Amino acid sequence: MKRYGAVIGVRPEAIEEYKKFHSAVWPEVLDMIRNCNIRNYSIFLKDDLLFGYWEYHGTDFQRTWRRWRLIPRRRSGGKSWNRCNVRLNPAPPANGAASMDEVFHLD
């Protein structure tokens with residue numbers, strides 16, 4: 001298992017839309033997350049920043065990430081997210097989120 005963290009900006013005027021979208025995530029998206037070996041997935045909001053944390057229980061995260069991005073419902077939801085998000089990382093293949101290095105962990 002490997003832990004991941006990422007941060008992305010959110011437009012202040014889109015925070016309520018983002019919260020509403022995530023209050024009723026499509027079952028297909030939740031199933032896809034589980035099928036991609038992602039567990040313990042959380043998104044936190046602080047002011048205009050979103051912090052995501054998840055644990056990956058697979059063996060090839062890059063392959064999993066490519067599969068994740070092909071899910072039709074996720075892509076259609078992504079159009080909404082793109083209106084909400086402020087890219088912090090312009091380099092592909094990231095979705096604009098800046099990945100983070102783990103510097104401490106306590107079990």
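The values are calculated or read from the model by the stated rules, or taken from the named source; none is laboratory data. Computed from a prediction, not measured in an experiment: that's the story for all the values here. Every residue, glycine as well, gets a Cβ built from its backbone with ideal geometry; the counts of neighbours run over all protein chains shown.
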Boolean, TRP68 is out of contact with any strand residue (DSSP E or B) (no Cβ under 6 Å at 6 or more places or on another chain) and either free of Cβ contacts under 8 Å to residues at least 40 places away in the same chain or under 17 Å from VAL7 (Cβ atoms) (or both): yes
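Can you find a residue that is of a type outside the set (D, E, K, R) and over 19 Å from MET100 (Cα atoms) anywhere in region 38-57? Quick ask: steps written out before the conclusion?
Looking only at region 38-57, we keep the residues that are of a type outside the set (D, E, K, R), and these are 38, 40-45, 49-54, 56-57.
Remaining after also requiring over 19 Å from MET100 (Cα atoms): none.
No, there is no match, as no residue in region 38-57 is of a type outside the set (D, E, K, R) and over 19 Å from MET100 (Cα atoms).
Using the structure shown, decide if TYR18 is closer than 10 Å to CYS84 by Cβ and either of a type outside the set (D, E, K, R) or without any contact (Cβ under 8 Å) to a residue 12 or more places away in the chain (or both).
yes
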Residue ID - surrounded by the most Cβ atoms within 10 Å (Cβ to Cβ), chosen from residues in region 13-71 that are β-branched (Val, Ile, Thr) and at pLDDT 90 or above: ILE38
